[in-house]
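The values are calculated or read from the model by the stated rules, or taken from the named source; none is laboratory data. The structure presented is a predicted model; accordingly, all values stated were derived computationally and were not measured. Positions of Cβ are backbone-derived with ideal geometry, glycine not excepted, and every protein chain shown enters the neighbour counts. Areas reflect the complete protein model, heavy atoms only, side chains present, ligands, DNA and RNA absent. Shrake-Rupley method; radii C 1.70, N 1.55, O 1.52, S 1.80 Å.
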Amino acid sequence: VEADEFTLESLGEISGVSSPQISPDGDSVVIVVTRPDYEANEFKNRLVLVSVASGQTRDLTVDRSAVRLPRWSPDGDHLAFIAQAAEGKSQVFALPISGGEARMITSSPTSVASFEWSPNGKEVLYVAAGEAESKGQEHHNRSFKVTHHDYLATQAPPSLDVWRVPVIGGDAVRINRDDVRVLGGQFSSFRVSPDGSAVVFTGFSADHLGDFTESQLFVLDIETGEQRPFGGSLRKIFWGAISPDGRNLAYSHAEDENNSLYRTRHIAVGGFGTEGARTISQGIDRSFWRGSWMPDSKGMLIGASDGSRSSLWYQPITGNATKLELGNLEPLLTFGPVDLDVGNGGEIAFIATTSQRPTELYWLDAIDGQPRQLTDFNAGVAAMKLGSSEPIVWETHD
């Protein structure tokens, strides 16, 4: 039987797979699966649970708008995620894995941008703006002072804060100080320390709201509210991640002294409680926007565009990097970062494509293992008559 040709209508058959999160026991991976809905003129998301052993899938959410950012509870009994509530605001929900309905944890007057579980599973810490204070005519005033904002900005960026709320219910409490606000959007970073004592977030002075040139990593003590910038005068730092042992903090910085946004970026690691840091990825001539710590805290998994492809490397804190052998798989780059997750046992779940297949979920038992395909959402598209591709590589004058 001759294969069907790929047509414009075939675009509606492509499933997008993203945001893998490995369960604490390593038995399952939850992903976000996206399909276009041409009648509604929107993309529909759902959360899908994938068995690592068998590849069997189970839908966890149905008819929940804009589901994203799945996060396992520390004990693996619940899965939290962001979805639209009845009033149209994005809130954090928690779904029991054993069955039952999802329960809304946050009641923010504005949409939640990101969140994390506390390590003890008793709280959720999240980023959102407070309730709008302007009233009357001023409520409709969209004018703002233009500085180094996103080039597509049409209004002042929201004044985002860090909040904490008990999972069992209660009032949310803002924990960051008034003089610092949280950066939102694709450059944002928000992490809770392994011992639950602090959060690390990308932010800037309230006097420079939305000014990318002033963004820094801040370490915020959850109980006392004490707040300090990491790295002293480091600017244009958009991502930071605390090592599992709580000793080090990794971040991405540009190779030039001005830390220009779109120059080649490297991964640096410094003591979580100190100000010193050193670059660990300078031996690889590639640009790294972020990475994922391995569970032993001795190295990181980092990914980047690699010539005409994309690749993953294991980069130890000290020593040379090792490129992972992934065959013809292209790890999915989401504006720089690779879409992956590292499990408690060093397992790796990642999203990848090939020239003949759209995104699927793949699995590595270890960094030196062989990748195994876990999902087959795009089997119909892969069976179509598709165009061939080949890399074309050449050297420039330098």
inquiry  = Suppose we filter the range 167-194 for residues that are without any contact (Cβ under 8 Å) to a residue 60 or more places away in the chain and of a type in the set (Phe, Trp, Tyr); how many remain?
reply    = 1
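Taking the residues in the range 344-356 that are outside any loop (DSSP other than H, G, I, E, B) and surrounded by fewer than 19 Cβ atoms within 10 Å (Cβ to Cβ) as candidates, determine which candidate is nearest to the chain's Cα centre (by Cα). Reasoning before the result, please.
Quick first cut of the range 344-356, residues outside any loop (DSSP other than H, G, I, E, B) only: 348-354.
With surrounded by fewer than 19 Cβ atoms within 10 Å (Cβ to Cβ) added as a condition, the list becomes 353-354.
Numbers: 353: 19, 354: 22 Å.
Checked the range 344-356; the qualifying residue nearest to the chain's Cα centre (by Cα) is 353.
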task = Test each condition in (1) charged (D, E, K, R); (2) within 14 Å of residue 312 (Cβ to Cβ); (3) assigned to a strand (DSSP E or B) for residue 360 and report the one that comes out false.
result = (2)
task = Tell me which of these residue 341 doesn't satisfy, since it passes every other one: (1) farther than 22 Å from residue 21 by Cβ; (2) among the acidic types (Asp, Glu); (3) in a strand (DSSP E or B).
result = (1)
ask   = Can you name the residue in the range 82-107 that is within 16 Å of residue 173 (Cα to Cα) and open to solvent by 10 Å² or more (accessible area, probe 1.4 Å) and, of all such residues, is farthest from the chain's Cα centre (by Cα)?
value = 107
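Got a number for residues in the range 135-181 being part of a loop (DSSP other than H, G, I, E, B) and farther than 24 Å from residue 84 by Cβ?
Residues of the range 135-181 that are part of a loop (DSSP other than H, G, I, E, B), as a first pass: 135, 141-159, 167-172, 175-179.
Those left that are additionally farther than 24 Å from residue 84 by Cβ: 135, 141, 143-149, 151, 175-179.
The qualifying residues number 15.
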message = Regarding the range 119-135, can at least one residue be identified that is out of contact with any helix residue (DSSP H, G or I) (no Cβ under 9 Å at 6 or more places or on another chain), under 22 Å from residue 215 (Cα atoms) and open to solvent by 20 Å² or more (accessible area, probe 1.4 Å)?
response = yes
task = Pull up the range 194-217, narrow it to residues that are assigned to a loop (DSSP other than H, G, I, E, B) and on the phi < 0 side of the Ramachandran plot, then point me to the one that is most open to solvent (accessible area, probe 1.4 Å).
result = 195
query = residue 307 fails exactly one of the following numbered conditions: (1) more than 19 Å from residue 252 (Cα to Cα); (2) open to solvent by less than 50 Å² (accessible area, probe 1.4 Å). What is the number of that condition?
reply = (2)
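Just a yes or no: is a residue in the range 364-380 basic (Lys, Arg), more than 26 Å from residue 191 (Cβ to Cβ) and surrounded by 14 or more Cβ atoms within 10 Å (Cβ to Cβ)? Spell out how you get there, then give the answer.
To start, the set of residues in the range 364-380 that are basic (Lys, Arg) comprises 372.
Those still in the list that are more than 26 Å from residue 191 (Cβ to Cβ) too: 372.
Add one more test, that the residue is surrounded by 14 or more Cβ atoms within 10 Å (Cβ to Cβ), and what stays is none.
For the range 364-380, residues basic (Lys, Arg), more than 26 Å from residue 191 (Cβ to Cβ) and surrounded by 14 or more Cβ atoms within 10 Å (Cβ to Cβ): absent.
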inquiry  = Every residue in the range 1-23 that is farther than 17 Å from residue 69 by Cβ and out of contact with any Lys or Arg (no Cβ under 9 Å at 6 or more places or on another chain), please.
reply    = 1, 7, 8, 9, 10, 11
ask   = Inside the range 287-303, can you point out the residues that are closer than 16 Å to residue 367 by Cα and open to solvent by less than 20 Å² (accessible area, probe 1.4 Å)?
value = 291, 294, 297, 299, 300, 301, 302, 303
message = Given the condition assigned to a loop (DSSP other than H, G, I, E, B) and crowded, with 16+ Cβ neighbours inside 10 Å, answer yes or no: does some residue in the range 7-18 qualify?
response = yes
